[in-house]
1. Looking at Arg67, Arg37, Arg90, which one is of a type in the set (D, E, K, R) and within 30 Å of Asp9 (Cβ to Cβ)?
2. Which one is nearest to the chain's Cα centre (by Cα), of the residues in segment 50-64 that are free of Cβ contacts under 8 Å to residues at least 40 places away in the same chain and open to solvent by 10 Å² or more (accessible area, probe 1.4 Å)?
3. Going by the structure shown, is His73 outside any helix (DSSP H, G or I), free of Cβ contacts under 8 Å to residues at least 60 places away in the same chain and surrounded by 14 or more Cβ atoms within 10 Å (Cβ to Cβ)?
4. Testing Ala83 on (1) aliphatic (A, V, I, L, M); (2) at pLDDT below 95; (3) surrounded by 12 or more Cβ atoms within 10 Å (Cβ to Cβ), one condition comes back false. Which one is that?
5. Output the residues belonging to segment 15-30 that are outside any loop (DSSP other than H, G, I, E, B) and either at pLDDT below 65 or in contact with a helix residue (DSSP H, G or I) (Cβ under 7 Å, 6 or more places away or on another chain) (or both).
6. Looking at Cys102 and the list (1) more than 16 Å from Ile28 (Cβ to Cβ); (2) under 15 Å from the mean Cα position of the chain (by Cα), which single condition is not satisfied?
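The values are calculated or read from the model by the stated rules, or taken from the named source; none is laboratory data. Since the structure is predicted, the reported quantities are computational estimates derived from the model, not experimental observations. As a convention, Cβ positions derive from the backbone with ideal geometry for all residues, glycine included, and neighbour counts pool all protein chains shown. For the accessible areas, the whole protein counts, side chains as well, though only heavy atoms, and no ligand, DNA or RNA atoms are used. Shrake-Rupley method; radii C 1.70, N 1.55, O 1.52, S 1.80 Å.
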Amino acid sequence: MRKLIADRDHVLVGGHRGCACEYFENTIPAMKEGIRRGADYLEIDLQLTKDGEIVVYHDTELSKKCRLRGYVHEHTLEEMQKALPVNTLREVFSWASGKGICLALELKSVPVDM
């Protein structure tokens, strides 16, 4: 990211949650579309699940986007993946690796209703 900022010759465009206008936010398909549309970097949100997995998901409370109730940290990765499209940070890093894609990571650590 530092190199991206240092070498810029234009205003940087960030893909907020990927391209949430076409795909479920913070998923790899949304990220691919954000890059395809010209984003210089992708801003993604990270949270820990009950079983200690790092997932890429924005809202701390789940009921707005799926049938689960409560907070991300109260559910396992498996529960979340059964209820909605969600990627792990490991999956995102694997996808982005070697492609020159810069990621801005936002860490969500406390349950706050957004």
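1. On inspection, the qualifying residue turns out to be Arg37.
2. Per the stated criteria, the residue is Ile54.
3. So His73 does not fit the description; no.
4. (2)
5. Listed by number, the residues that qualify are Gly15, Ile28.
6. All conditions are met except number (1).
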